[in-house]
1. Being part of a loop (DSSP other than H, G, I, E, B) and either touching a strand residue (DSSP E or B) at 6+ places or on another chain (Cβ under 8 Å) or under 25 Å from residue B:139 (Cβ atoms) (or both) is the filter here; which residues of region B:214-236 pass it?
2. Looking at A:299, A:351, which is the one that is free of Cβ contacts under 8 Å to residues at least 60 places away in the same chain and surrounded by fewer than 24 Cβ atoms within 10 Å (Cβ to Cβ)?
3. Please verify whether residue B:320 is within 12 Å of chain A (Cβ to nearest Cβ), assigned to a helix (DSSP H, G or I) and in contact with a helix residue (DSSP H, G or I) (Cβ under 8 Å, 6 or more places away or on another chain), treating the condition exactly as stated.
4. I'd like to verify a number: residues in region B:323-343 that are buried (at least 24 other Cβ atoms within 10 Å of the Cβ) and either closer than 20 Å to residue A:396 by Cβ or within 8 Å of chain A (Cβ to nearest Cβ) (or both), how many?
5. Return yes when residue B:396 is at pLDDT below 95 and within 14 Å of chain A (Cβ to nearest Cβ) and no when it is not.
6. For region B:290-297, state whether one or more residues are more than 9 Å from every other protein chain (Cβ to nearest Cβ) and buried (at least 18 other Cβ atoms within 10 Å of the Cβ).
7. Restricting attention to region A:57-88, report how many residues are modelled with pLDDT under 90 and within 14 Å of chain B (Cβ to nearest Cβ).
8. Out of all the residues in region B:8-43, which are part of a loop (DSSP other than H, G, I, E, B) and crowded, with 19+ Cβ neighbours inside 10 Å?
């Protein structure tokens, strides 16, 4: 590691050069002569945002594989009598497997995936092979979990996001649709859609609740579903879906006439449905985009389950827990990274970690990420045991939104100028961690 | 199997604690805040009741002596024992009044120290007595390795000389656990704790402090002048083992820090519950499903404070649970103490602000809780000391590298 003074020299030289280069470029008429100024400015402004819209294209055909007499549901887990923070054996195995995968496969490609705004298909396939998208699928329909699996989902989200939060979003998004259908779908919906999520070729899918507006409240979506005879007609816009162009299935929240907020299962190819790019500050490997509904006409059977308000509220809560689990993983990744950095980096003749100003910042990251983790576990565990978990979810979300962002910020701060450049991952985690307080829906436990 | 709910077997204890807090502590809370230095005699009967709870069966204790680490008896399974039950009991009682909890006979931090490191003989001799803890000196607070009180072996006795300040329950307790050094030149390894009977003629009470909060609890300053105690009054190992360092003395903290964190959790919860009630009277409802920032600013602030409380609470339970399961917990104990200490102060002061003059005036208890709160971020290791310990653990630093 170079000394501080050498480093400053390089940084100053580099910064000077960069500004000079930019200044010359902006003042030069070369761009105008070549008629590429717009292009360069757009590149400087928005990276790969290209703003074109496309109609969604019909994907695979979903057909009911078997006839169920009633909806298949995972049972709540048995109430536990003792306080315990140890995952059971099965959970530990899964957790370790995903953790290894995140370290060996996810972290090494995270920087490139962030730059490309795309996660390699191969990686998503491998992640899927770990079974992460079928945790909410009842056993009768080919799922692996007999009992509800919120805690297991949290452990997996945490482990995967330790590799990269954006890739974790891309990899886990289809599972949210499977979980939504497995939890609240009608027997026909379960039989039609769930088998596809238990095979190798899992469809990309998105649970779309968030809308593009300030102070968005998921309990009051402005997307509407009005009745037209037996049909539903949906209008509105949904924000920050993972890989919407690839999606073969959407579950979309709308204020349903006569029902209140409810979810609708929508297959691409439906008329009035378009997707567009929506690049964001973070979660870039998930190639985020919008889904626009313009008089999208759906059959009566598109309403998920019976459209019960409590199902919808539970969905919003479970999504928040899932985002907490990702924030916990990214926060822990930040802690691990800065620990090593501040121990190796020297200034004034000794490791900077020998200074309280630096060391205490590391302590705070440790304390707050542990608090986030425990609060998230508690909310998930209550969900699995069939207890009310509204309060615990709100607590975990508040912590993950606020402390998560603090941790992201401190992670960059502790590396100083080095934290601000893309040589280190902390600037990516800074961008990703902001999502924990913004995202609604999209993932489920 | 992950479950962070209060275990069923401790529910009776929690509800008993809550009842005591509600019916015994709260009604006399203001009285003893005003009558500083007068002994809350109402507590005598209560203390016997708590002794009974401690002695009763496998339910674990509700008091300070409950922190003794029992061996697991070869049982590999998950254990919810007396560390957890003690923490739960303290949370409830401090929801009532933390000053009164600190004044509870036989529930001093000295009792926890004795429970943590005493031999069976010492337990027998000193059990059932009320023990205070004397560490701090005028020139040595957080830097407990710098204490100057000396203990010299003279025949079968140690002779103690020095000055001790900030001894909680020092005037009322039967015993004082005094930290002293066997050799000032050796540093922390030479520091041992000694049990001194309160009526020892060498132990002179200098004065009682007037304080910001926890005024129901007496805080005493002592001079030790040729104070002679029997050899057997030394707690733990009498050898100076430089490798083991602080060993016995510091080990106590792993068990007692979660208890102080629990006090902070109790005070924070009292403030939050009272404030929620007042806000609801004022027409502000707290909604857990609606995004915080789309609610009333007071509700958003409340949710923020409650979420810090949630983290502090769970970190505290975790530290105690680890102690019950014989897992090393210095890191988690300090995390819990740091988080709970600062949260308690922030929450109690924030609640005063939210409730306006109702919070600030002596007509209600919110202002008192805000005064009581501050000590919980100071004693048993200040915020800064906890951050030091957490940092050293996380970064693998020695105390000479990270000072």
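1. B:214, B:217, B:218, B:236
2. Of the residues listed, the single one that is free of Cβ contacts under 8 Å to residues at least 60 places away in the same chain and surrounded by fewer than 24 Cβ atoms within 10 Å (Cβ to Cβ) is A:351.
3. yes
4. Final tally of qualifying residues: 7.
5. In short, no.
6. yes
7. Counting residues in region A:57-88 that are modelled with pLDDT under 90 and within 14 Å of chain B (Cβ to nearest Cβ) gives 6.
8. Result: B:40, single match.
The values are calculated or read from the model by the stated rules, or taken from the named source; none is laboratory data. Owing to the predicted nature of the structure, the values given are computational and were not obtained by experimental measurement. Using ideal geometry, Cβ is built from the backbone for each residue, glycine included, and neighbour counts are taken over all protein chains shown.
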